[in-house]
Amino acid sequence: MEYTILNLEVTDGVALVKINRPKALNALNTRFFQEMDAMIEDVSGMQDVKVMVITGEGKAFVAGADIAEMVNKSPEEGTAFSKVGQNTFNSIEKMDIPVIAAINGFALGGGLELAMSCDIRIASSKARFGQPEVNLGLIPGYAGTQRLPRLAGKGDALMLLLTGDMIGAGEALRMGLVQKVVEPEQLTDEVMNLAKTIASKGPQAVKKVKKVVREGLQTDFESGSNLESKQFGSLFGKGSEGEEGMKAFLEKRKPEW
Ligand code: DAK
């Protein structure tokens, strides 16, 4: 697919995906979802890519779903529009490799929902967060009502969802909505260093950590622990990644993955 909204740069095992529609504060339209679906497929097919980063161009990460595109939708079209976005964000969450959101500015509505579908969120101190759908007489449509309470807890989630208020990066950090806040000019370096650190680890182990944590959170403790044992075991054996990692440690050398 020819990308018109998304840019891709690959360096040192990291795919940096930039949303580039700054005039509309990177609002999510149908074209965005088509391009993001294609991008997920493209990046997933790149064997040398170990981590994906999503960020926004300009003063917004993403200021929400495109209100101009949504305004005239019928209830059926609204439901379909919601499903399209939910599917794309589920695909991000289900990617084998970790995905980091580098939140450079406004992360509102669908923008916060996009960030929450990523595995780790690092924010600029200038970033602003919110689920302002109630201001528009709407509710979130891309699983924000589901992911936000899981990340921030019910009380903080409902405060954001019911008031539509925006919060700053410090408050988002307190809620556990983001993992780290850095100065705006440090955001790219900070996120790329984090991504490269993860990219240098055992690639199968990294994928399995993501899989077990994601699937474990959707099941009970015992089933999750069983899944962990199975995946742990799969990293052992002749020619396995675990064998190489442990041998390298004992031989005081760097592992060759
Ligand atoms: N959609 C479309 N255009 C947007 C936009 C958006 N979400 N946000 C900003 N823009 C456009 C503005 O209209 C403006 O366009 P021009 O007037 O220049 O043509 C341009 O971006 C710059 O915005 P501002 O001039 O407003 O910039 P400011 O710095 O003054 O203000 C702001 C920044 C982020 C505070 C403000 O733009 C703002 O409040 N934007 C709207 C934020 C918002 O409400 N976001 C949530 C969108 S609702 C569902 C599916 C999905 C959803 C819900 C239901 N179903 C299908 C059921 C999800 C909903 C949402 O995400």
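The numbers here are math on the coordinates, done by the rules we state, and not lab data. These numbers were taken from a predicted model, which means no experiment stands behind them. As a convention, Cβ positions derive from the backbone with ideal geometry for all residues, glycine included, and neighbour counts pool all protein chains shown.
If you take all other residues with their beta carbon under 10 Å from the beta carbon of Ala157, and give Lys and Arg +1 and Asp and Glu -1, the sum is +2. Net charge of the neighbourhood of Gly78, taken over other residues with C-beta under 15 Å away and scored Lys/Arg +1, Asp/Glu -1, is -3. With an a/c value of 1.5 or above and a/b not larger than b/c for the gyration tensor axes a ≥ b ≥ c computed over the alpha-carbon atoms, the stretch 37-173 is described as oblate. Divide by every residue of the chain the summed helix terms, -39500 (n - 2.57) for each DSSP H run of at least 4, and state the resulting mean residue ellipticity at 222 nm, rounded to the nearest 500 deg cm²/dmol. About -14500 deg cm²/dmol.
Assuming a ≥ b ≥ c are the square roots of the Cα gyration tensor eigenvalues, decide whether the chain counts as rounded (a/c under 1.5), prolate (otherwise, with a/b larger than b/c) or oblate. Judged from the Cα gyration tensor, the chain comes out prolate (a/c at least 1.5, a/b above b/c).
With a sphere of radius 14 Å drawn around the Cβ of Leu177, what net charge do the other residues whose Cβ falls strictly inside it have (Lys, Arg +1; Asp, Glu -1)? Value of the local net charge: +2. Counting only DSSP beta bridges with both residues in the stretch 90-235, the antiparallel share comes to about 15 percent. Using C-alpha pairs below 8 Å separated by at least 6 residues, the relative contact order for the stretch 71-128 is 34 percent. Can you classify the stretch 61-130 as rounded, prolate or oblate using the Cα gyration tensor, where a ≥ b ≥ c are the square roots of its eigenvalues, rounded means a/c under 1.5, and otherwise it's prolate if a/b beats b/c and oblate if not? It is oblate, given that a/c is not under 1.5 and a/b is not larger than b/c. Overall, the stretch 21-174 carries a charge dipole of about 460 debye about its Cα centre when +1 sits on the Cβ of Lys and Arg and -1 on the Cβ of Asp and Glu, all other atoms neutral.
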